[in-house]
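The values are calculated or read from the model by the stated rules, or taken from the named source; none is laboratory data. None of the values given here were measured: they were computed from a predicted structure. Neighbour counts run over all protein chains shown; Cβ positions are idealised from the backbone, glycine included.
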Amino acid sequence: MSATREVLRTAARVVLVLAALLPFLPALVEGLPVLGKLGHALDAWFGYQCERDPSRMLGVGSVCARCVGIYVGLGLGALIARPRASSVRPLRAAVAAGLVLLLLDVGSELFGFRPAWAPLRVFSGLAFAYPVGLVAVHALARHPVGAEFATPTARRGPKCSRT
């Protein structure tokens, strides 16, 4: 793996791990002079992206149980980055399986087959987001953003024909 790919892979891992911590940040920085404003901004974002129904909250974090699972799953997938796959096909299958599980969870709750249950919501979020974190790290390790501009043919530009 080239040095550029390794740097991008590491940067992606760091960003996703830090993103996993964001739902817990507003409560941690509340009351601090400068960071408190950041916490308020994050809390406003979480209020926009998550319904935060009290019956679906864990009591920790600024988002519902499923969103906690999604944020933490992305971070864990990037941090642990296991299992490693030689191709993207098994990772796509894991994302698809996680998505099916997530949709079954959402649908069964939406249509009243079961009540909201926080552990299942966390698990379905994790089951979907963990492989997404793996795919993000895997994709950047194999095809870093901007790599198409570094190829010799891209630097030469398109071939021109003179008529």
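Side notes on the structure shown:
- Where a residue in the range 1-27 is touching a residue at least 12 places away in the same chain (Cβ under 8 Å) and crowded, with 17+ Cβ neighbours inside 10 Å and its partner, wherever it lies, is in a helix (DSSP H, G or I) and of a type in the set (Asp, Glu), with Cβ under 6 Å and at least six apart: PRO26/ASP43
- Looking only at residues of the range 97-126 that are over 9 Å from ALA65 (Cβ atoms) and of a type in the set (Gly, Ala, Ser), we find that the one that is surrounded by the fewest Cβ atoms within 10 Å (Cβ to Cβ) is GLY112.
- Segments classed as helices (runs of 4 or more DSSP H), wholly inside the range 10-123, with at least 3 members that are of a type in the set (Gly, Ala, Ser): 35-49, 65-80, 89-110
- Among the residues of the range 106-116, those that are at pLDDT 90 or above and of a type outside the set (Ser, Thr, Tyr) comprise VAL106, GLY107, GLU109, LEU110, PHE111, GLY112, PHE113, ARG114, PRO115.
- Hits in the range 29-54 - residues which are farther than 27 Å from TRP117 by Cβ and either aliphatic (A, V, I, L, M) or within 22 Å of the chain's Cα centre (by Cα) (or both): VAL29, LEU32, VAL34, LEU35, LEU38, GLY39, HIS40, ALA41, ALA44
- One residue stands out among those in the range 34-79 that are surrounded by fewer than 18 Cβ atoms within 10 Å (Cβ to Cβ) and touching a residue at least 40 places away in the same chain (Cβ under 8 Å): the one that is farthest from GLY133 (Cα to Cα), which is SER55.
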